[in-house]
Every structure is written in C-alpha cells, then in structure tokens.
Amino acid sequence: LGNLGIYYYYKADYISARDYHLKALKINEELGNKNKTAKHLANIAIIYDIQGDSPNALDYFLKALRINEGLNNKEGIGANLANIGIVYAKQEDYSKAIDYYFKALTINEEMGDERGIAIILGNIGLIYWHQGNYSKALDYYFKSLTMKEKLGDKNGIAANLGNIGIIYDDQKEYTKALDYYFRALK
C-alpha cells in the first residue's frame with residue numbers, strides 16, 4: 001500500500017497517494033510498527049504540503065516527529081524538522097522556519113549527513129534573504145555552496161550560485177550578480 005502511495009505521488013495523483021498512505025498508516029499503527037507509521041505520516045504530510053494544506057501538513061509532520069523522537073531515529077527527526085521548517089517558510093513564518101531549520105541542522109551535523117547539512121544551510125540562507133539580512137544569507141549560501149561543491153552536486157551548486165546572484169542583484173551589485181548568474185548557467 002505504501003509503495004502504491006509513492007507510485008501515485010510520482011504520478012502527481014495526490015488524492016490516490018494520500019489514500020494509499022492512509023491505508024498503510026492504519027495497518028502499521030495496528031501492527032505497532034512505529035518506524036513505518038512515522039514514514040507514512042511524513043509522506044501524508046508531504047502530500048498535504050504540496051496541496052497547500054499547511055495545517056494538516058504540520059499536524060502529520062509533528063506526529064511523525066514525536067514518533068521518531070521516541071524511537072531516537074535521528075534521520076527521521078532531521079527530515080521531519082527540516083520539512084516543518086519548509087512548511088513554515090511557505091507560510092512566511094520565518095522565525096518558526098529558521099528555528100526548525102537550526103534544529104534540523106544540529107541533528108544532521110550529529111549524524112554527519114553532509115548532503116542534509118548542505119540543503120539546510122541553503123534553506124537558512126533563503127530565510128535570511130526573505131528577511132532582508134543579505135550578509136547572513138550570503139554566509140549560509142556560501143557555506144552550502146562549499147559543501148555542494150565537495151559533494152559534486154551540480155544542481156545544488158547551480159541553485160546556490162543563482163541565489164547568491166539574486167542577493168547581489170538585490171543589493172544593486174550588478175557585476176557580481178551577473179558573474180554568479182553566469183556561473184550558475186554554466
């Protein structure tokens with residue numbers, strides 16, 4: 001059932017995806033399989049988030065987080081915290097978003113998950129950009145960029161270079177902005 005939920009998710013049939021994850025969730029709750037219960041809760045939350053239903057997305061992510069905390073599942077905790085941050089960022093509740101991002105960052109650092117760290121650093125940069133704190137945004141984008149270069153993540157490198165270009169553009173430093181835009185394009 002869970003695999004069918006994932007299948008329909010990738011087909012962008014979110015109603016069917018959610019229905020299959022809800023069925024899988026019910027069975028795993030009955031079986032007492034907390035790890036899979038948390039995964040299905042998070043998958044349902046992602047679907048609600050895609051559909052723009054932030055209250056349900058947060059509810060399901062928080063349920064998954066509580067279970068993962070009880071299991072001491074650091075990977076699940078880090079993912080849930082980061083996803084909660086994303087939901088708050090979409091709602092433009094930047095203080096809550098950054099709080100959850102920093103909690104997720106701490107967990108990812110504890111695990112040594114460089115890919116997760118790089119993504120979260122970029123997300124933190126995005127929040128600071130939205131808040132108009134360009135120096136902090138650049139700091140986090142450059143940290144993320146360094147890690148993405150180390151990991152060889154070309155898509156991530158391009159995204160960070162583009163985001164750095166946007167900040168320089170906002171600051172009317174057009175020569176620097178163009179440099180980063182062209183580097184991202186390349």
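The values are calculated or read from the model by the stated rules, or taken from the named source; none is laboratory data. Because the structure is a prediction, the values reported are computed rather than measured. Please note: Cβ atoms are built from the backbone with ideal geometry, for glycine as well, and neighbour counts cover all protein chains shown. Surface accessibility is based on the protein's heavy atoms, side chains included, excluding ligands, DNA and RNA. Shrake-Rupley method; radii C 1.70, N 1.55, O 1.52, S 1.80 Å.
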### Query
For segment 1-157, what's the radius of gyration and Dmax over Cα atoms, in angstrom?
16.3, 50
### Cα-projected label distance for Gln91 with Glu75, points at 7 Å along beta-carbon direction, nm
2.9
### Query
On the accessible surface of the chain, probed at 1.4 Å, how many percent belong to carbon and sulfur atoms?
51
### Summary
Applied in sequence order to segment 138-151, the curve 6.51 cos²θ - 1.76 cosθ + 1.60 (Karplus, θ = phi - 60°) yields integer Hz couplings, x standing for Gly and Pro, of 4, 4, 6, 5, 5, 4, 5, 4, 4, 5, 5, 5, 4, 7
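What is the Å³ per residue value for the convex hull set by the Cα atoms of segment 111-185?
70
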### Message
Only four residue types carry charge here, +1 at the Cβ of Lys and Arg and -1 at the Cβ of Asp and Glu. Report the dipole size of segment 3-63 about the Cα centre in Debye, rounded to the nearest 20.
### Response
220
## Note on the structure
In the neighbourhood of Leu65 defined by beta carbon distances under 13 Å, the net charge of the other residues (Lys, Arg +1; Asp, Glu -1) is +3
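Which entries of Lys96/Lys154; Lys103/Lys143; Lys34/Lys74 have Cα-Cα distances beyond 23 Å here?
Lys96/Lys154, as the Cα separations exceed 23 Å there.
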#### Entry: Derived scalar couplings ³J(HN,Hα) [segment 56-69; Karplus, 6.51 cos²θ - 1.76 cosθ + 1.60; whole Hz; x for Gly, Pro]
5, 4, 5, 4, 6, 5, 5, 5, 4, 4, 4, 5, 5, 5
### Task
Mind putting a number on the dipole of the chain about its Cα centre? Charges go on the C-beta only, +1 for Lys and Arg and -1 for Asp and Glu, and I need it in Debye to the nearest 20.
340
#### Entry: Residue-count net charge about Lys26 - beta-carbon cut-off 15 Å; Lys, Arg +1, Asp, Glu -1
+3
### Query
Applying the Karplus parametrisation 6.51 cos²θ - 1.76 cosθ + 1.60 with θ = phi - 60° to the phi angles of segment 108-124, what ³J(HN,Hα) value in whole Hz is obtained for each residue in order, glycine and proline being reported as x?
5, 5, 4, 7, x, 7, 5, 4, x, 4, 4, 5, 5, 4, x, 5, 5
### Spatially proximal lysines relative to Lys172 (Cα-Cα < 20 Å; intrachain offsets below 8 disregarded)
Lys136
### Query
What length, rounded to one decimal in nm, is gained on full extension from Lys36 through to Arg183, with 0.36 nm per residue of separation minus their alpha-carbon distance?
48.7 nm
